[in-house]
Amino acid sequence: MAEKEKTLTPEEAMKKRKEHARKTLENKVFQEIVGSSEVMSNQSFYGHNMVQGAKPAYDDAINSEEILKIRKKLYSEKVKEAEEKGIHTYARPSINDYDVEIDVRTQIEENKPVLSIGELEDIVKNIAGDFGVKVPDVLRDYVPLDILITKDGKKRDEKELSETEKEARVFYSQLSQIYNRANAYKASEKSRYADLVEPLVQIAEKYKKPEGKE
């Protein structure tokens, strides 16, 4: 007889949720999709050279093995949805890049507020380096989800927040945006010199030695 699944305590469930949130925000493929999409959807802000760098990064990420799993998951969900509605069609569902990107970005945004502000800062600094300010110790342990949402799932009224909660909310909002922008710069840097390197590739290939030969 199969063992019953262990019921997690609230503390264990939260620990598991935080681990998942950290894993999601630190996912390199997700970071590339968020970052390169950020550049290409704000071209006037980031400029031509960064857009040129971001496009190959986006293409690599959106066609990766990891994203293929998301495509399969979304496909299965669409098939299941049709079956549950009793709809049988000749056409099969298709999953485009938009569907995938929405799924990835939704995962990122849903997981940002699960971590404490200090934990989010650590992840952002791993991407952006020192961005010029440190979260004060008094704000590090605040969890944005607790500040933004009530226990019954409703949005918390600004008037209900203490002064430090309001300040913690500001830190969260800005760190969230820094996360996106840091990934934008990182994604575009991968191919920063693509336009200059492209003419050299053919020449370099000409002189490349066959494998196994000195």
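Derivation of every value follows stated rules applied to the coordinates shown; laboratory data play no part. Predicted model only: the values in this text are computed from it and were never measured. Here the Cβ positions follow ideal geometry from the backbone for every residue, glycine too, while neighbour counts run over all protein chains shown.
Cβ-Cβ distances below 9 Å connect the following pairs, each with a first residue in segment 119-140 that is under 17 Å from TYR185 (Cβ atoms) and in contact (Cβ under 8 Å) with a residue 24 or more places away in the chain, a second residue that is β-branched (Val, Ile, Thr) and not in a loop (DSSP other than H, G, I, E, B), and a separation of six or more residues or different chains: VAL124/ILE178; ILE127/ILE178; ALA128/ILE178; PHE131/VAL124; PHE131/ILE178. Within segment 5-18, the set of residues being assigned to a helix (DSSP H, G or I) and either over 18 Å from the mean Cα position of the chain (by Cα) or of a type outside the set (D, E, K, R) (or both) comprises PRO10, GLU11, GLU12, ALA13, MET14, LYS15, LYS16. For segment 34-48, taking the residues that are in a helix (DSSP H, G or I) and out of contact with any Ser or Thr (no Cβ under 8 Å at 6 or more places or on another chain), the one that is farthest from LEU196 (Cα to Cα) is identified as VAL34.
Each residue in segment 19-32 was checked for being more than 14 Å from GLU65 (Cβ to Cβ) and either outside any helix (DSSP H, G or I) or touching an Asp or Glu at 6+ places or on another chain (Cβ under 6 Å) (or both), and 1 pass.
Taking only pairs six or more apart or across chains, which ones have beta-carbon atoms under 8 Å, a first residue in segment 42-70 that is closer than 12 Å to SER188 by Cα, and a second residue that is surrounded by 17 or more Cβ atoms within 10 Å (Cβ to Cβ) and among the aromatic types (Phe, Trp, Tyr)? Close Cβ pairs (under 8 Å, with a partner that is surrounded by 17 or more Cβ atoms within 10 Å (Cβ to Cβ) and among the aromatic types (Phe, Trp, Tyr)) amount to MET50/TYR185; ALA54/TYR46. ILE127 meets each of the listed conditions (1) over 23 Å from ILE33 (Cβ atoms); (2) not in a loop (DSSP other than H, G, I, E, B) apart from (1). Among the residues of segment 152-180, those that are among the aliphatic types (A, V, I, L, M) and under 17 Å from LYS112 (Cα atoms) comprise ALA168, VAL170, LEU175, ILE178.
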